[in-house]
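Structure first, then comments.
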Amino acid sequence: HKIGQITMDNASTNDTMMAELETLLVREGIPFHWDGNRIRYDVLAGNPIQKVHDLVSALRSSGQRRHDFQQFIAEGVASRSWPDHPQIRPLQLLRDCETRWSSTFLMVDRTLLLYPAIEDFVKHPSRADLTKYLLTVNDRAVLANIYQVLEVAHQAQQLVSAEKTPTLALVLPAYELLVDSWKQLCVQLSTLTHYITLGIEKMEEYMMKSRMSRIYSLSMILNPMFKLSWIQEH
């Protein structure tokens, strides 16, 4: 029997495994390189976020289309067209924007929420030109995972963006919770581990810079909810 390929999940120990495999094969006189013989499958290769952006742009391309889409949902809700999706209601799709906080998360959230209605709307014979924008089952599965990752960041952002109360004291604890949550998701969503890790590294960089500023420590000491407790623990 001959082995052609070995499939591995997206684990952090894969590099170690490949290096050990190289050692074993070279010892047997079999040419092998731990990285040169490795093919990585990228779960985001299909760019599902871009697909959502294109879908939303197509369905918001004109005032008439936006009106038709919202009316279609209203009529569908009234006739109970989606009994398994009671969360669907007459809402507009949301565009993402590079300069607006959480806009990608909100775009994905709204698209997944309304997708059964989107699918029925697009599949109408009069809108055949829109079917190319529909998402595959795999696209939606990947987006559901991305949603979990972005939701954590969105919640942290919401926590520190209150307008009526001082929130500076919450910044470092919020960052800490965000990093801890992402580390848990690295285990749960192994196909996104690489991307989540990049986010963790960036957040840890921000945390290190924030710790160098006395103003964060002072704000926590003056906050009766924290005082010295968080600083002493971390």
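The values are calculated or read from the model by the stated rules, or taken from the named source; none is laboratory data. Source: prediction; values computed, not measured. Please note: Cβ atoms are built from the backbone with ideal geometry, for glycine as well, and neighbour counts cover all protein chains shown.
Might you check whether a residue that is touching a residue at least 60 places away in the same chain (Cβ under 8 Å) and over 30 Å from residue 193 (Cα atoms) occurs anywhere in the stretch 131-145? Scanning the stretch 131-145 turns up no residue that is touching a residue at least 60 places away in the same chain (Cβ under 8 Å) and over 30 Å from residue 193 (Cα atoms).
Just for the stretch 1-47: of the residues that are of a type in the set (Gly, Ala, Ser) and farther than 21 Å from residue 194 by Cβ, which one is modelled with the lowest pLDDT?
Filtering the stretch 1-47 for residues of a type in the set (Gly, Ala, Ser) gives 4, 11-12, 19, 29, 36, 45-46.
From what's left, farther than 21 Å from residue 194 by Cβ: 4, 29.
On the way: 4: 68, 29: 86.
The qualifying residue modelled with the lowest pLDDT is 4.
Can you spot a residue in the stretch 99-115 that is aromatic (Phe, Trp, Tyr) and either touching a Gly at 6+ places or on another chain (Cβ under 7 Å) or in a helix (DSSP H, G or I) (or both)? Taking every residue of the stretch 99-115 in turn, at least one turns out to be aromatic (Phe, Trp, Tyr) and either touching a Gly at 6+ places or on another chain (Cβ under 7 Å) or in a helix (DSSP H, G or I) (or both).
Kindly evaluate residue 95 against the criterion of being crowded, with 17+ Cβ neighbours inside 10 Å and of a type in the set (Lys, Arg). No.
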